[in-house]
Amino acid sequence: MSGWGEDSVSIRPVTPKTDLTGRPVELRDLDLDTFFRPKRVVVIGASDNRRPNDTMWRKIRAWGERFGAEVIPVNPNRDTVDGVACYRSVLDVPGEIDLAIILVGAAVEMFETVLQVRPKYAVIFAAGFAELGAEGEALQERLEDLVASGSTHLLGPNTNLNAFETFDDDLPGPAIALITQSGHQGRPVFQSQELGVKLSHWAPAGNEADLEFADFVKYFADLETTGAIAAYIEGFKDGRTMMLAADHAARAGVPLVCVKVGRTEEGRSMAKSHTGHLTGSDRVVADVFRQFGVIRVDGLDELTEVSATFCRTTPPERGRAAERRVCIYAISGGTGAHMADLVADAGMHLPDLTARTQRVLREHIPGYLRVSNPVDSGGPPSSDERGIHILRAIVADPEIDMVIVPITGALASISKPLARDIVTVAGETTKPILVVWGSPTWDEVYEQILIPSTVPTFRTFHNCVTAARAWFDHHEFRERYTSPFTKAATRPSKAAREVAHLLEGDGPLAEQDAKAVLAAYGIPVTRDVLCTTPAEATRAAREQFGGGPVVMKIASPDILHKSDLGLVAVGVEGPAAVRRTFEEFTATAAARAKRAQIDGVLVCEQAEPGVECVVGVSRDELFGPVVMFGLGGVFVEVFADVAFRVPPFDKAEALRMIEQTTGSALLRGARGRPKAKVSAVVDVLMKVQRLALDHADRISELDVNPLVVRPDGVVALDALIVRG
């Protein structure tokens, strides 16, 4: 690049620490204060007579003037822009520059020039990069190389100017910090300020050639003003940095609420064409969110209202979030029944109020109405002086952690005093009171009482219940969360060195070699003997297994689904049966798998029965090695009852992974079955995790199926490892 001299080269920040897979275990440290509150800003392509650049220039200028920044126009064809002296080139601008905003079409070439003046940050507005396919990806790679060569951090390309919005600073309480990969998708959250929802920042990440989701999560989580981080995400630049960002927010106690597209192939395709992001396997993303406490919602209305709920509430007393105890207070029995159904179905509890509370309520509510939970006032008691006493009694009940008040219709004679009482009592308690304004009308009660307050207010029952569940989920997660990155493995284990020779090359291992790898990591496997002749097989059955029934399998790295070809036999007993099975297997394999390498026949112990599970490892395009657990045998493909976790995770998380599956009920002794040793399964998951980390670049697939779980432990009956 022209204009670069030795003294102009700036050293980039130190590379973050990594684990043994080469993935970072800490986020990079950026001074994003300078990005959001720069002292000097240049706008390249500023204009006062050509849309859209004139609109964008004025937006940026107004934004900068709010906090005293100097905003400088750059345009080779202008002497002034809106009366402000204009420079012909960014190279002509004297002094240090904090932020350069590039509005011209030849963005990459202009960024090369910008690098010569070394601003701390730059923004590329233009599209036409990775979202367009191979040609655009190549252009974005060039841009990324330029970023790596200098000291300037870049937002974009294919972004917008939402970072330079002006926010209503007069609204009360903690604020939502917003991250989006589509400017339009963040607009409803931004506009919620008109409903009293406070926002502090908006980071439009775009294609994330440099600055990414994780950078902004870290920055926002560390701000004292942040009550929640809301995000609309199409894909992640890197799965590990996403995990680190969620980990950082979890340790800071800041809720991270996300709309994440890509549940369907259609959604993944559109995300790729919009911002060029890899969306990743949605099943894996969903479980990573669960692993790191990210609250996933579907709609932008949910994103806004769930995030706002966190900004308008305080945490419960320690240990109470897990109880999930809610009281519903309605002015109609039908409304209470409707809401009770939804709350209970979402996994929250509706305990009876204490006898003392019910006696107090009965002083204000007629005897024919319910006061246990839900509480039904019938209407009139909520419209006079009795109303506030009812609310105070409910909130004071020691069995209740949250109150939900659904108001389905705008009957001002009742709703107005009720809303006033709610606002008053909400200011007296730390317990959250959630209100549903179900009326389609915006009358003075909603507009003049509820909106100006800091009471979480919803337009639908669904969003209210979603927010209530998220509130309990987050605070329960926050109390038990321990970061897995504080003790991340940085060196291969002893077992890794012992099995390295087996994992050389590509393709699948033979079953006996795959089991040898498992055994080296301390995972119990069946006793197997590889036999190359019928005589060896009969001798093994007699000498190794006492002549009792054995399992026989063809031994071949090229036949992965042996049972599909009839090459597995269970309960083979006696020399004649062993010999006959051996001969049948070798003949069948020669006829039906002519190109397969046949190592012989495995004669295996016939293990005691138990619950058949599956443990596996796959390589995800975003996250790298992913560990899977589920109900095994033939059922894994039929029911797909599986859970995923991405290393690193601890034993507690491995146990939650198991309990996430429906099939875990069998391990707990469902329908009279003996209880299986779940701790042994946890142990296997931890060892498989270590195996996956040790050989992240060598193992593309691992499948232990079935892993039989019994009251006394576990044993792997079969194993598949694919190298490459």
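Only the coordinates and a few stated rules stand behind these numbers; no lab work does. In this text, all values refer to a predicted model and were calculated from it rather than measured experimentally. For neighbour counting, all protein chains shown are included, and Cβ atoms are generated from backbone atoms with ideal geometry for every residue, glycine included.
Residues whose amide H comes within less than 5 Å of that of Arg40, counting only those at least five positions distant or on another chain, are Glu70, Asp98, Leu99 (H built at 1.01 Å from N in the peptide plane).
Compared with the dominant Cα axis of the chain, that is its longest principal axis, helix 134-149 is turned about 70°.
Per-residue Cβ neighbour counts within 10 Å put Phe472, Phe629 in the sequence Phe472, Phe629, beginning with the fewest.
The peptide list 108-120, 393-405, put in order of mean Cβ contacts within 10 Å with the highest first, becomes 393-405, 108-120. With θ taken as phi - 60° and the Karplus curve 6.51 cos²θ - 1.76 cosθ + 1.60 applied, the whole-hertz 3J(HN,Hα) list for the stretch 427-436 is x, 9, 10, 9, 6, x, 10, 9, 10, 10 Hz, x standing for glycine and proline. The phi torsions of the stretch 497-505, fed into the Karplus equation with coefficients 6.51, -1.76 and 1.60 and a -60° offset, translate into couplings of 6, 5, 9, 4, 5, 6, 9, 6, x Hz, rounded to whole numbers, with Gly and Pro shown as x.
The alpha-carbon positions of the stretch 527-605 define a convex hull whose volume is 70 Å³ per residue. In order along the stretch 303-310, the phi-based Karplus estimate (6.51 cos²θ - 1.76 cosθ + 1.60, θ = phi - 60°) of 3J(HN,Hα) comes to 4, 5, 6, 5, 4, 4, 4, 5 Hz; Gly and Pro are listed as x. Please give the helix 511-520 orientation as an angle from the longest Cα principal axis of the chain, in degrees from 0 to 90, rounded to the nearest 10. The two axes meet at around 60 degrees. In the stretch 527-605, Cα pairs under 8 Å separated by at least six residues give a relative contact order of 48 percent. Of the residues Ile658, Ile44, the one with the fewest other Cβ atoms within 10 Å heads the list, and the complete ranking is Ile658, Ile44. Using 0.36 nm per residue and subtracting the Cα-Cα separation, the extra length available between Thr486 and Arg671 on full extension is 62.5 nm.
Short-range pairs are left out: with C-alpha atoms under 8 Å and at least six residues apart, the relative contact order of the chain is 9 percent. The orientation-averaged projection of the convex hull spanning the C-alpha atoms of the stretch 280-438 amounts to 10.3 square nanometres. Please give the FRET efficiency for Arg263 paired with Thr588, using the beta carbon to beta carbon distance and R0 = 41 Å, rounded to the nearest 0.05. For Arg263 and Thr588, the calculated efficiency is 0.45. Is the shape of the stretch 624-724 rounded, prolate or oblate, going by the alpha carbon gyration tensor and its root eigenvalues a ≥ b ≥ c, with a/c under 1.5 for rounded and a/b larger than b/c for prolate? Prolate. With contacts taken as Cα pairs under 8 Å at a separation of at least 6 residues, the stretch 55-206 carries a relative contact order of 17 percent. Residue pairs exceeding 28 angstrom between C-alpha atoms, taken from Lys17/Lys120; Lys237/Lys562; Lys17/Lys39; Lys198/Lys218; Lys17/Lys59; Lys553/Lys675: Lys237/Lys562; Lys17/Lys39; Lys17/Lys59; Lys553/Lys675. Distances between placed amide hydrogens fall under 5 Å for Leu622 paired with Ser281, all partners being 5 or more residues away or on another chain.
Between Ala355 and Arg542, the modelled labels are 7.9 nm apart [label points 7 Å from Cα along Cα→Cβ]. The calculated FRET efficiency for the pair Ile451 and Glu385, based on their C-beta separation and a Förster distance of 22 Å, comes to about 0.30. Ranked by the mean number of other Cβ atoms within 10 Å of their residues, highest first, the peptides 96-106, 564-574 fall in the order 96-106, 564-574. Each of Ser415, Ser700, Ser307 has some number of other Cβ atoms within 10 Å of its Cβ, and from fewest to most they run Ser700, Ser415, Ser307. Database remark: amide H of Asp443 closer than 5 angstrom to no amide H (H placed geometrically; neighbours at sequence offset of 5 or more, or on other chains; Pro and chain starts carry no H). For the stretch 28-107, chymotrypsin sites (Phe, Trp or Tyr not before Pro) meeting the loop criterion (DSSP other than H, G, I, E, B) and having at most 11 other Cβ atoms within 10 Å: Phe67. Among the GluC sites (Glu not before Pro) in the stretch 619-724, those placed in a DSSP loop whose Cβ has at most 14 other Cβ atoms within 10 Å are Glu621. Given a Förster distance of 25 angstrom, what is the FRET efficiency for Lys39 paired with Asn77, based on the Cβ-Cβ distance and rounded to 0.05? Computed FRET efficiency for Lys39 and Asn77 comes out at 0.40.
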